[in-house]
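Okay, so here's the structure we're looking at.
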Amino acid sequence: MDLLHTLVDKGLRRELPTREEALAVLSSADDELLDVVAAAGRVRRHWFGRRVKLNYLVNLKSGLCPEDCSYCSQRLGSRADILTYSWLKPEDASKAAAAGVAGGAKRVCLVASGRGPSDRDVDRVARTIESVKERNEGVEVCACLGLLSQGQAERLRAAGADAYNHNLNTSEATYGDICTTHDFSDRVSTVQQAQAAGMSACSGLIAGMGESDADLVDVVFALRELDPDSVPVNFLIPMEGTPLAGEWNLTPRRALRVLAMVRFVCPDAEVRLAGGREVHLRSLQPLALHLVNSIFLGDYLTSEGQEGGADLAMIEDAGFEVEGADTRTLPAHRGDAPAAPAGPAAPSGAGTDRGPRTDLVAVRRRGAGTDLPPNA
């Protein structure tokens, strides 16, 4: 396909594809899917070799959020049967983080439900960051606490936060369809505050909420404009008890096309395979490693993930390697540190093949907030 040659050339030069080219990736035929994966894989290997960065989530505060994001099991009015608890003590959060680091995680993501942190919450998270770093030398810490108020990004950076996550989730045009308690511009502003404070910005999307191809391209182009270092791609987990429980719109093939499109638009960013990969990619998860260079290890915020040992085996079986703690993730032009050597450059499909796979969604009952060991 001439299109794929063009997209590879642009990806190796960090040149933005056109909207038409991005849309064509999403609408490519099943007969072309492996060609699409191979082309995006050349871009991925050019910038990141065959390395896979592991990340680990610690849910510091679960449930009872006053925001009404339709996709979220922690939202206002959620009837999802999830774990709910208030702030973990710093030592408990540090212990949970250590399990992920022991499993191979290079970055720990500290997440708390809510609209955004109070100043007292920032102090609490600062103590948690200190505890995590004392116990796990060299670990990266990313905070995800919602919308930030003036000065809070600087305080988190001073406390040792390396990165801040706040996803755009969907296009600006359709954002009001999934949330009414804040808007798209609030999210953009928080990402910009994190960047201005010197933190590495992490911002991504959720696919599978009933959006159009144009919506997906819009949000990924908006992310490219913000230029975060990390772009997590989540696939909606339709949790029972949430407004989007019936949205089973993804197939494994569709998920691969979304990942490929993100890689072409954000060629040198850390594209992270995030929530919902087990539910929607299923047996095609190893193919996704040719598109992304980062995944979450273990469980998510309110749902269980694949066993950590299975993740490590999958990475090895697919011919990739876990990125070491002393290896720089991003290419050299995204910072002053030297880049690790990379390897040689080398119809929409939406809809379900079978009925809703509610059997694939397992509510998290272990790890943070419980007496059971975490999945790492």
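The values are calculated or read from the model by the stated rules, or taken from the named source; none is laboratory data. It should be emphasised that the depicted structure is a prediction, and the values quoted were computed from it without experimental measurement. So basically every Cβ, Gly included, is an ideal-geometry build from the backbone, and we count neighbours across all protein chains shown. These accessible areas exclude ligands, DNA and RNA; they are computed on the full protein's heavy atoms, side chains included. Shrake-Rupley method; radii C 1.70, N 1.55, O 1.52, S 1.80 Å.
A few points about this structure:
- Selection within segment 286-298: residues that are of a type outside the set (G, A, S) and open to solvent by less than 10 Å² (accessible area, probe 1.4 Å). The member of this set that is nearest to A96 (Cα to Cα) is L297.
- Residue match in segment 169-176 (condition: part of a loop (DSSP other than H, G, I, E, B), within 30 Å of E130 (Cβ to Cβ) and open to solvent by less than 20 Å² (accessible area, probe 1.4 Å)): no
- Condition broken by S94, with the remaining ones in (1) under 17 Å from the mean Cα position of the chain (by Cα); (2) small (G, A, S); (3) under 25 Å from A362 (Cα atoms) satisfied: (1)
- Looking across segment 115-148, the residues that are at pLDDT below 95 and not in a helix (DSSP H, G or I) come down to N136, E137, G138.
So that you can scan it fast, the table gives a plain yes or no per residue for (1) within 23 Å of the chain's Cα centre (by Cα); (2) basic (K, R); (3) exposed (fewer than 14 other Cβ atoms within 10 Å of the Cβ):
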| residue | (1), (2), (3) |
| --- | --- |
| L3 | no, no, no |
| T6 | no, no, no |
| E20 | no, no, yes |
| S62 | yes, no, no |
| C65 | yes, no, no |
| R75 | yes, yes, no |
| S78 | yes, no, no |
| P90 | no, no, no |
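- Taking the listed residues L34, L57, the one that is farther than 29 Å from C109 by Cβ and open to solvent by 10 Å² or more (accessible area, probe 1.4 Å) is L34, with no other qualifying.
- Scanning segment 145-168 for residues that are surrounded by fewer than 21 Cβ atoms within 10 Å (Cβ to Cβ) and among the hydrophobic types (A, V, I, L, M, F, W, C) yields L147, A158, A159.
- Close pairs from segment 1-29: first closer than 22 Å to D218 by Cβ, partner modelled with pLDDT of 95 or more and among the polar types (S, T, N, Q), Cβ under 7 Å, at least 6 apart: E21/T6
- Taken over segment 37-63, residues that are closer than 21 Å to P232 by Cβ, out of contact with any Gly (no Cβ under 9 Å at 6 or more places or on another chain) and assigned to a helix (DSSP H, G or I) amount to 2.
- When segment 149-161 is limited to residues that are of a type in the set (S, T, N, Q) and in a loop (DSSP other than H, G, I, E, B), the one that is nearest to the chain's Cα centre (by Cα) turns out to be S149.
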